[in-house]
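The values are calculated or read from the model by the stated rules, or taken from the named source; none is laboratory data. It should be emphasised that the depicted structure is a prediction, and the values quoted were computed from it without experimental measurement. As a convention, Cβ positions derive from the backbone with ideal geometry for all residues, glycine included, and neighbour counts pool all protein chains shown. To get the accessible areas, we keep the full protein, side chains included, count just its heavy atoms, and leave off ligands, DNA and RNA. Shrake-Rupley method; radii C 1.70, N 1.55, O 1.52, S 1.80 Å.
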Amino acid sequence: MKSPQHPAALHDDSNGRRFAPESLASHPDIAMKLFLLRALLVVDSAVLFLVGGLLIFAPAQVEQAFYFQDLPPAVAYLIGMWGCLMATMGFGYLVAATHPLRYRVWINIGIIRGALECALGIFYLARGIITFQQAGLGTAVAGLLAVAYVVLYPRPPRPLVPSQTSAPTP
């Protein structure tokens, strides 16, 4: 006989039902989605760490790589602060990769971040403030990340509900 789960080990799904995360392993499609989600979180984390480090330690080279010229020196401070944000977000995504069901809020942040970055990139591209060479790839990748996080969003399995057939009344 299996011992009952401790309530703290159970998680709520979107409908308030409790489930054990280990029960997801018996669903191959869900297990594959969780594997892909973990991989996406780790890759996103690595990219955020890398870009964050570049923004912190090499802001002038980042300005040149994106074809920004003659910026005031104080902009390097803002770029470095942006790098701090990206590096710490990378840490959050790495933690989320350890247990995506427990840290779903980070997946929500990934969806919102990707959507906002994509929308902002499109807005600035459409107004001609930046060029496609400066922001095209980043805008496209941000949109793809948002879509990938939506597709891989962890949803616990729905329990099968027996069909409600009308039984003859006595």
(message) When you check Val105 against the structure, is it of a type outside the set (Ser, Thr, Tyr) and under 13 Å from the mean Cα position of the chain (by Cα), yes or no?
(response) yes
(request) Return the residue satisfying two criteria in turn: it lies in the stretch 120-134 and is part of a helix (DSSP H, G or I) and touching a residue at least 40 places away in the same chain (Cβ under 8 Å), and of such residues it is least open to solvent (accessible area, probe 1.4 Å). (result) Gln134
(request) Being assigned to a helix (DSSP H, G or I) and touching a residue at least 40 places away in the same chain (Cβ under 8 Å) is the filter; apply it to the stretch 99-119 and report the residue that is farthest from Val43 (Cα to Cα). (result) Arg104
(message) I'd like to know if the stretch 66-78 contains one or more residues that are closer than 24 Å to Val150 by Cβ, open to solvent by less than 60 Å² (accessible area, probe 1.4 Å) and either under 24 Å from the mean Cα position of the chain (by Cα) or at pLDDT below 95 (or both).
(response) no
(request) For the stretch 55-63, state whether one or more residues are touching a residue at least 60 places away in the same chain (Cβ under 8 Å) and either surrounded by 13 or more Cβ atoms within 10 Å (Cβ to Cβ) or β-branched (Val, Ile, Thr) (or both). (result) no
(request) Those residues that are without any contact (Cβ under 8 Å) to a residue 60 or more places away in the chain, of a type outside the set (Ser, Thr, Tyr) and surrounded by 19 or more Cβ atoms within 10 Å (Cβ to Cβ), I need them from the stretch 34-48; list them, please. (result) Leu48
